[in-house]
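Just so it is clear, none of the values below were taken in a lab; they were calculated from the coordinates. Since the model is a prediction, treat every value here as computed from it, not as a measurement. In this analysis, Cβ positions are derived from the backbone assuming ideal geometry, glycine residues included, and neighbour counts consider all displayed protein chains.
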Amino acid sequence: MTFLSQTLSRVKPSPTIAVTTMAAELKAAGRDVIGLGAGEPDFDTPDNIKEAAIAAIHAGKTKYTPPDGIPELKAAICAKLERENGLTYTPKQISVGTGGKQTLYNALMATLNPGDEVIIPAPYWVSYPDMVLLAGGTPAPVAATLENAFKITPEQLESAITPKTKWFIFNSPSTPTGAGYSRDELKGLTDVLMKHPHVWVMSDDMYEHLAYDGFEFCTPAQVEPGLYDRTLTCNGVSKAYAMTGWRIGYAAGPEPVIAAMRKVQSQSTSNPCSVSQWAAVEALNGTQEFLASNNAIFKRRRDLVVSMLSEIEGVTCPVPEGAFYVYPSIAGLIGKTSKSGVKIDNDEAFAKALLEETGVAVVFGAAFGLSPNFRVSYATSDENLKQACSRIQDFCAGLG
Ligand SMILES: Cc1ncc(COP(=O)(O)O)c(C=O)c1O
């Protein structure tokens, strides 16, 4: 339809939201559906955070705020970055947005010009390439293969950099694979970036707190202080604090970029929800005790899913370091046919047949830029996971 913008014709709707919607529709129609598509914890927001929001409402903190965040939240973010990441920022270097998604989007809108390239390790969070396209840039995916534990190598990064490269987007622990870079692995990448002063780093640390087996989280500006002046350290409260619906994310970086992001936000959405901002102050300043108990549950679920999926012939399921996803390969199943006669030509056909024949909703790998795989979110109950994995086992065993 010519009425719609040409920019929009380059992007696609979020496939993860599409899978979640399809699963909800089947459920509403009476089907027994287990959704493993959603990227959000099944835990409730901790009570202390809810109480802070209720207190903010009663105190009348329900008006416009500065466009990119209240001073109290910016101070809490600076304290968090110092305490947990050893990074020193002032409030002028902080931007708070409506979810991590908006801060990343603002940064790309504020910096990209036509022809600018953005290096994105693939598989990637579905929104990165489309946000780059919306902002007029060109995504440059680099394959992070199963053989390399879903991580890119310094050599791959080196050869992906061109004179047009503007950003390198880094996400660890990552979606969709859960892969996390060790300090040494990250240092290998930052050493390459030090040789290319025109390349900036957008580090999406959204899954920082969701890491298992002693994995030590690290972020680029911490590992290589020489990158501080060209790094945007992005994070949010959505995943670790079970606050996906509250919509608070933030970024820390050089003042001119933060000011440009403020301009984008002030002419689009203005401030993120005032009440959510007060809830986020409590999330960052209050007790962090529940993080360890939530992680123990996530780790147990990860181990359950990995062990059940690894039993399937034709499926390879590496053990991820963090987040709440696994990203098994189905290379050994391609070319087979399902009981109802669907040819499994690719991972999209696999996910569609799996949903239709067993009621298990997963997201197909092509959506994330690396096939043939599928993403399982294990942010649901042990019972659901056992039932879903056993249905996946039966479905795969029935392929001929
Ligand atoms: C890697 C990554 N970054 C950012 C986000 C966005 O988080 P938010 O819900 O705070 O917008 C997500 C959500 O799925 C994510 O997976």
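What you get for the chain, charging only the Cβ of Lys and Arg (+1) and of Asp and Glu (-1), is a dipole of about 960 debye around the Cα centre. Counting Lys and Arg as +1 and Asp and Glu as -1 over every other residue whose Cβ lies under 15 Å from the Cβ of residue 19, the net charge comes to 0. Segment residue 44..residue 183, full-extension length gain: 46.9 nm, with 0.36 nm per residue of separation and the alpha-carbon distance subtracted. Beta-bridge orientation, the chain: approximately 45 percent antiparallel, per DSSP, counting only bridges with both partners inside. Each of residue 22 and residue 244 was given a label point 7 Å from its Cα along the Cα-to-Cβ line. The distance between the two points is 1.8 nm.
Only alpha carbons enter this Debye calculation for the chain, each as an equal point scatterer, and the log10 of I(q)/I(0) it gives at q = 0.07, 0.10, 0.11 Å⁻¹ is -0.32, -0.67, -0.82.
Angle, helix 255-266 long axis vs. longest principal axis of the chain, Cα atoms, 0 to 90°, nearest 10? Value to nearest ten degrees: 70. Reported to the nearest whole Å, the Cα centre-to-centre distance from the range 119-186 to the range 79-117 is 17. Our coupling estimate for the range 113-120, obtained by passing each phi through the Karplus curve with A = 6.51, B = -1.76, C = 1.60 and θ = phi - 60°, is 10, x, x, 5, 9, 10, 7, 10 Hz, Gly and Pro reported as x.
Going through the range 39-128, which chymotrypsin sites (Phe, Trp or Tyr not before Pro) have at most 13 other Cβ atoms within 10 Å and a DSSP loop state? Passing both the DSSP loop test and the Cβ count: 64. Relative to the longest principal axis of the Cα atoms of the chain, helix 47-58 runs at roughly 50 degrees. Please determine, in degrees from 0 to 90 and to the nearest 10, the orientation of helix 289-310 with respect to the longest principal axis defined by the Cα atoms of the chain, where the helix direction is its Cα long axis. It is inclined by approximately 30 degrees. Each part reduced to its alpha carbon centroid, the range 187-206 and the range 339-388 end up 34 Å apart. Peptide packing: for 368-378, 205-215, the average count of neighbouring Cβ atoms within 10 Å per residue gives the ranking 368-378, 205-215, highest mean first. For the range 1-148, the relative contact order is 22 percent, taking Cα pairs closer than 8 Å that sit 6 or more residues apart in sequence and dividing their mean separation by the residue count.
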